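> Take this structure first; my questions come after.
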Amino acid sequence: MTATVTPTRPDGTSPGGSGAVVLHYTLKALARISAARGGEVGNSRRIHEVIPGSVVRGALAAAWWAGDAPSGATAARFRELFESDLIVRQAVPEGMALEPISARRCKYPTPACPVEWHDLAQQGKPMKKCPTCGGALDAGRGWAWTETPRTVHVTRTALAADETAQDDQLFTRRAVRSRTVLRGSVVVLNPDAHAEDLAWLTQPRELRIGGQRSHMGQTGWTCARALDQSGLSGTAATALSPEQVTLRTLSPLIVIDDCGAPTLDLGPTLRRCWPEARVVDDWVRPARVSGWHVASGLPKPEDLACEAGSTFVIEGLPADATQQLVPGLGLRRLEGFGEIEVVAMEGPVPAQRSVVEPAERAPAADPLDRFTAVVPAGDLPALLPRVAEAVRSVLEARPGARGDARAAVLRQPWAMQLGAGARASLSALLAVEDLPTMRNRLDALREAHR
């Protein structure tokens, strides 16, 4: 039986109804995607590689008003859904992983230097230089490519009246390559009032993402209700530590101080929700988030934000605070900003995922048996190919880099959506000495679940 939780809306009001519903969506790029970071005019254009939730949300709204709306849809119903009860989170391309801002490793490693990240927020021990070679350290930068970036530069030229290229009129625009797969999630608050809208969200459709939509931005949208709805409702039973807890941002976090001015200090926002809460330590990378509003043809206002991967050590949070963390923190949460994960000592646990495993499933000693025991049976067929590919990626890494390869797998979006028990089992599975045998066992298990 799944517990229910009623998270508050981003504006602080209660949505009513019976809690919320999590949906996982996939965008498959049928053409190049170029979502601009701002409205500046120049010979080159910077883009979002992780597509913000605001862009995906705008594409869904455009599809609604273009005629692809639920039966009997009205403007009031649109406002109720899009302006109150629909949280659209960012779309992360496959091949990217989150590097915590609090993580450090040697910037110019020698063969003897450790390749694993050292997380200052988790491991506590300060590092000012590499303990092996004494060299400078490299810090995590948020979302980063773990493989060759799936982006391309597209250069065009302006044409003269005789249709020849004009001098000094070259324009370059970066874009995410076609056939790239991006994944994200949607949270619908008060699902009882949006039954038809939920059905509409889960219908396959074509969306246009980003700019230059006459020849770019075509994507295929598929969306389904998360098989494990405890990913949201289970947070009511997730008790936080009465002493300290680590919060990490999965998307840019926009917060203001007590006077309403932009800030990078999370303290005022926490105190407005929980007066006893305070920030013990933080590792923040500033960012400025903007974009382009396609409907009006104007650039969006620029906001100061804490970059994805920013990490905060907090004390004084009540044990049931995860219920209020479901919609995120800060401003513009309906657009996917301020998504938070609670980081347990054994590894990151997304705030919208359950850390409570079924009591009747006793963990087995073997890592693969333990993984299959704690993962819901309905999720296994979809997860096994990903786990097998993860084992191959660790196996192909050089022996000294396998720890870093394991960490990269655990930061992949699909792995971060697992429960704490499943993540711990996956970590143990990737750390076994006989990886070739594990790979063969996974291949056999995949065949058995076809």
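The values are calculated or read from the model by the stated rules, or taken from the named source; none is laboratory data. Note that the coordinates shown come from a computational prediction; the quantities given were computed from them, not determined experimentally. Neighbour counts are summed over all protein chains in view; Cβ atoms, including those assigned to glycine, are modelled from backbone coordinates with ideal geometry.
> Would you check if T146 is β-branched (V, I, T), modelled with pLDDT of 85 or more and outside the structural domain of A405 (by TED's automatic domain parsing)?
Values: β-branched (V, I, T): yes; modelled with pLDDT of 85 or more: no; outside the structural domain of A405 (by TED's automatic domain parsing): yes.
It is false that T146 is β-branched (V, I, T), modelled with pLDDT of 85 or more and outside the structural domain of A405 (by TED's automatic domain parsing).
> Need pairs with beta-carbon distance below 8 Å; first residue touching a residue at least 24 places away in the same chain (Cβ under 8 Å) and buried (at least 17 other Cβ atoms within 10 Å of the Cβ) and within segment 74-101, second of a type in the set (S, T, N, Q) and part of a strand (DSSP E or B); sequence gap 6+ or separate chains.
Filtered contacts from segment 74-101: R89/S185; P100/T311; I101/T311.
> Given the residues L380, L395, L331, which is the only one that is modelled with pLDDT of 75 or more, surrounded by fewer than 23 Cβ atoms within 10 Å (Cβ to Cβ), of a type in the set (A, V, I, L, M) and outside any helix (DSSP H, G or I)?
L331
> Moving on. Inside segment 53-103, can you point out the residues that are part of a loop (DSSP other than H, G, I, E, B) and basic (K, R)?
Start the filter on segment 53-103 by keeping residues that are part of a loop (DSSP other than H, G, I, E, B), which leaves 66-74, 89-90, 94-95, 100-102.
Across segment 53-103, the qualifying residue is only R89.
> Looking at segment 171-219, which of its residues are at pLDDT below 90, of a type in the set (G, A, S) and part of a strand (DSSP E or B)?
A175, G210
> Taking the condition of being acidic (D, E) and modelled with pLDDT under 75, how many residues in segment 334-375 meet it? Steps first, answer last, please.
Filtering segment 334-375 for residues acidic (D, E) gives 335, 339, 341, 346, 357, 360, 366, 369.
With modelled with pLDDT under 75 added as a condition, the list becomes 346, 357, 360.
Counting residues in segment 334-375 that are acidic (D, E) and modelled with pLDDT under 75 gives 3.
> Another question, then. How many residues are at pLDDT 85 or above and under 20 Å from the mean Cα position of the chain (by Cα) when one looks only at segment 111-143?
Within segment 111-143, residues that are at pLDDT 85 or above and under 20 Å from the mean Cα position of the chain (by Cα) number 7.
> Taking segment 126-146 on its own, how many of its residues are surrounded by fewer than 16 Cβ atoms within 10 Å (Cβ to Cβ) and of a type in the set (S, T, Y)?
Matching residues across segment 126-146 total 1.
> Those residues that are of a type outside the set (S, T, N, Q) and touching a strand residue (DSSP E or B) at 6+ places or on another chain (Cβ under 6 Å), I need them from segment 258-276; list them, please. Talk me through it step by step, then tell me what you get.
Step one: list which residues in segment 258-276 are of a type outside the set (S, T, N, Q), which gives 258-262, 264-268, 270-276.
Of everything in segment 258-276, those that are of a type outside the set (S, T, N, Q) and touching a strand residue (DSSP E or B) at 6+ places or on another chain (Cβ under 6 Å) turn out to be P262, L264, L266, G267.
> For segment 244-257, what are the residues that are part of a loop (DSSP other than H, G, I, E, B) and touching a strand residue (DSSP E or B) at 6+ places or on another chain (Cβ under 8 Å)?
Residues of segment 244-257 part of a loop (DSSP other than H, G, I, E, B): 250-252, 254, 257.
L250, P252, I254, D257, listed by residue number.
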